[in-house]
Amino acid sequence: MPEPDIDVLVVGLGAWGSMALWSLASRGVRAIGVERHGRGHSLGASHGGSRMFRITCLEHPGLVPLARRSAELWDLLGRQAGKPLLHRYGGLLIGAPDSAVAGGTLAAANEHGIEVEPLSRTQLAGRFPQHTALAPDDIGVWEPSAGLLRPEASIRAALGAAETAGARIFTGTEVTGIESIDDGVLVHSPGRTWRARRVVVATGSWLPFMTPLPELRVVRMPVTWFEPDGDAERFRLADFPVFMRELDGGTVLWGCGADPPYDVKLGLEQFGATAVPFDPLDTDRSVTPADWTALRAALTGHLPGLRPEPSRVAVCMLTLTPDGQFVLGSLPDAPNVIVAGGDNAHGFKHATGIGELLADLATDHEPRIDFSFMDVKRFS
Ligand SMILES: Cc1cc2nc3c(=O)[nH]c(=O)nc-3n(C[C@H](O)[C@H](O)[C@H](O)COP(=O)(O)OP(=O)(O)OC[C@H]3O[C@@H](n4cnc5c(N)ncnc54)[C@H](O)[C@@H]3O)c2cc1C
């Protein structure tokens with residue numbers, strides 16, 4: 001057998017795969033990226049124009065160092081791309097003091113020394129009057145280091161930077177099989193087979209098809225935009241930045257404002273009720289009013305001033321794990337196969353840090369982040 005002509009092949013160039021390819025190529029690793037669809041497409045988990053960035057990660061204390069490192073790398077990628085990718089407008093978390101959203105943010109900030117500004121109910125109502133019908137015990141937490149990422153532009157920036165650093169990219173190419181061999185892997189597509197030392201499989205919601213990970217569950221998540229009905233300026237992104245607001249019973253309303261034409265992006269997390277099981281091979285992304293009825297009802301009381309019918313609706317996919325943590329690392333039975341998935345709806349902000357971590361693993365470098373709580377081996 002000839003020597004592998006590639007050090008690392010990355011399958012799937014969405015958020016995590018594109019960042020892994022950038023990190024690999026930047027270190028001089030001979031790397032190839034293979035993507036079934038196009039750059040920054042709208043069939044996976046990384047579309048819809050915006051994603052929230054915050055350091056006060058509620059999902060696991062170990063994610064805070066990852067978010068901090070990711071912020072540095074977002075700035076670096078932005079410099080290489082010639083335009084900032086992480087826009088630090090700040091972020092607002094609202095809920096009762098013991099809620100997961102507001103209370104959890106304060107706890108994470110205290111534990112990790114993250115600068116936040118607690119807002120009393122009166123301060124919150126004065127500073128963010130868009131939010132009405134606050135509960136009597138609601139408070140706000142303002143995180144100045146939070147902000148907004150543009151997912152499609154970020155993926156394109158990473159792929160561009162990876163190419164500049166020497167990576168080769170194949171889009172419109174589906175990987176149909178991965179075979180372990182003595183000193184590496186064979187990666188098959190309908191037209192050709194590559195031989196590589198390592199493969200990084202970052203296929204998002206399609207990961208269950210490529211790896212033996214029955215723990216992963218794929219769901220469908222609608223995202224909705226509403227136009228202001230009247231004073232549109234109050235929904236400018238700078239005045240109405242990314243937010244999460246915990247309502248009665250733990251339902252979370254999330255979203256952000258926009259620059260002209262001011263379409264306000266919103267979503268509702270109701271104990272997973274808006275996220276129903278979905279087959280990732282189904283390319284039908286059509287929507288029905290059932291996708292926004294509950295959200296519209298929540299807006300009437302809590303965010304007045306928006307038209308009742310959405311101006312746009314998109315459908316994204318999420319991949320859930322039983323413990324809500326990501327799945328990363330070498331497969332126990334196939335050490336040259338490194339997987340990355342189980343995004344649990346909070347993985348975009350970490351994409352640059354995860355890309356670096358995957359590149360570390362693929363090149364036998366000690367990761368700078370302790371990822372034991374995300375290690376795929378916890379399922380074996
Ligand atoms: C509605 C919604 C809101 C969210 N909000 C936030 C937020 O505010 N903040 C945050 O941090 N995170 C958020 N997330 C989560 C975040 O968007 C995801 O964690 C992230 O996009 C996951 O990226 P990924 O690379 O795992 O998947 P994807 O970006 O879907 O990439 C997987 C890629 O693999 C490719 N692929 C699959 N199979 C193959 C194959 N066989 N051959 C070749 N290519 C293949 C796919 O085409 C795709 O491009 C949100 C997610 C959703 C759905």
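The values are calculated or read from the model by the stated rules, or taken from the named source; none is laboratory data. Computed from a predicted structure; not experimentally measured. Glycine also receives a Cβ, built like all others from the backbone with ideal geometry; neighbour counts cover every protein chain displayed.
Restricting region 148-191 to residues that are hydrophobic (A, V, I, L, M, F, W, C), within 23 Å of Gly347 (Cβ to Cβ) and more than 21 Å from the chain's Cα centre (by Cα), which is nearest to the ligand (Cβ to nearest atom)?
Val175
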Taking the criterion of being in a loop (DSSP other than H, G, I, E, B), surrounded by fewer than 20 Cβ atoms within 10 Å (Cβ to Cβ) and free of Cβ contacts under 8 Å to residues at least 12 places away in the same chain, would at least one residue in region 369-379 satisfy it? no
For region 272-303, which residues satisfy the criterion of being without any contact (Cβ under 8 Å) to a residue 12 or more places away in the chain and part of a helix (DSSP H, G or I)? Pro289, Ala290, Thr293, Ala297, Thr300
Collect the residues in region 43-58 that are within 13 Å of the chain's Cα centre (by Cα) and more than 7 Å from the ligand (Cβ to nearest atom), keeping them in residue-number order. His47, Gly49, Ser50, Arg54, Cys57
Of the residues in region 192-238, those that are within 27 Å of the chain's Cα centre (by Cα), of a type in the set (A, V, I, L, M, F, W, C) and farther than 30 Å from Arg307 by Cβ come to Val199, Val200, Val201, Ala202, Trp206, Leu207, Phe209, Met210, Leu213, Leu216, Val218
For Glu117, which of the numbered conditions (1) more than 10 Å from the ligand (Cβ to nearest atom); (2) at pLDDT below 95 fails to hold? (2)
Is region 310-328 home to any residue that is in contact (Cβ under 8 Å) with a residue 60 or more places away in the chain, in contact with an Asp or Glu (Cβ under 8 Å, 6 or more places away or on another chain), more than 14 Å from the ligand (Cβ to nearest atom) and closer than 30 Å to Arg69 by Cα? yes
Restricting attention to region 1-40, the residues that are near the ligand (Cβ under 8 Å from one of its atoms), part of a loop (DSSP other than H, G, I, E, B) and over 14 Å from Phe170 (Cβ atoms) number exactly 1
Please determine whether any residue of region 333-346 is within 11 Å of the ligand (Cβ to nearest atom), of a type in the set (A, V, I, L, M, F, W, C) and in a strand (DSSP E or B). yes
List, please: which pairs have Cβ atoms under 6 Å, are six or more places apart or on different chains, and start with a residue in region 5-26 that is at positive phi and end with one that is near the ligand (Cβ under 8 Å from one of its atoms)? Gly12/Ala202; Gly12/Thr203
Restricting attention to region 255-267, which residues are assigned to a strand (DSSP E or B) and either away from the ligand (no atom under 14 Å from the Cβ) or at pLDDT below 95 (or both)? Val264, Gly267
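Quickly run through region 347-363 and pick out the residues that are more than 7 Å from the ligand (Cβ to nearest atom) and either hydrophobic (A, V, I, L, M, F, W, C) or out of contact with any strand residue (DSSP E or B) (no Cβ under 8 Å at 6 or more places or on another chain) (or both).
Step one: filter region 347-363 for residues more than 7 Å from the ligand (Cβ to nearest atom), giving 352-363.
Residues satisfying the conditions are Thr352, Gly353, Ile354, Gly355, Glu356, Leu357, Leu358, Ala359, Asp360, Leu361, Ala362.
Scan region 207-228 and give yes if some residue there is under 30 Å from Leu21 (Cβ atoms), in a loop (DSSP other than H, G, I, E, B), more than 12 Å from the ligand (Cβ to nearest atom) and charged (D, E, K, R), otherwise no.
First, the residues of region 207-228 that are under 30 Å from Leu21 (Cβ atoms): 207-223.
Applying the additional criterion that residues be in a loop (DSSP other than H, G, I, E, B) yields 211-216.
Remaining after also requiring more than 12 Å from the ligand (Cβ to nearest atom): 212-215.
Subset that is charged (D, E, K, R): 215.
The answer is yes; a qualifying residue exists.
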When region 1-31 is examined, which residues are found to be aliphatic (A, V, I, L, M) and surrounded by 23 or more Cβ atoms within 10 Å (Cβ to Cβ)? Val8, Leu9, Val10, Val11, Leu13, Ala15, Met19, Ala20, Leu21, Leu24, Ala25, Ala31
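Please find, among Ser286, Ser311, the residue that is more than 24 Å from Thr105 (Cβ to Cβ), within 23 Å of the chain's Cα centre (by Cα) and not assigned by TED's automatic domain parsing to the domain that holds His41.
Ser286
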Given (1) basic (Lys, Arg); (2) assigned by TED's automatic domain parsing to the domain that holds Pro367; (3) modelled with pLDDT under 95, where does Lys349 come up short, assuming only one miss? (3)
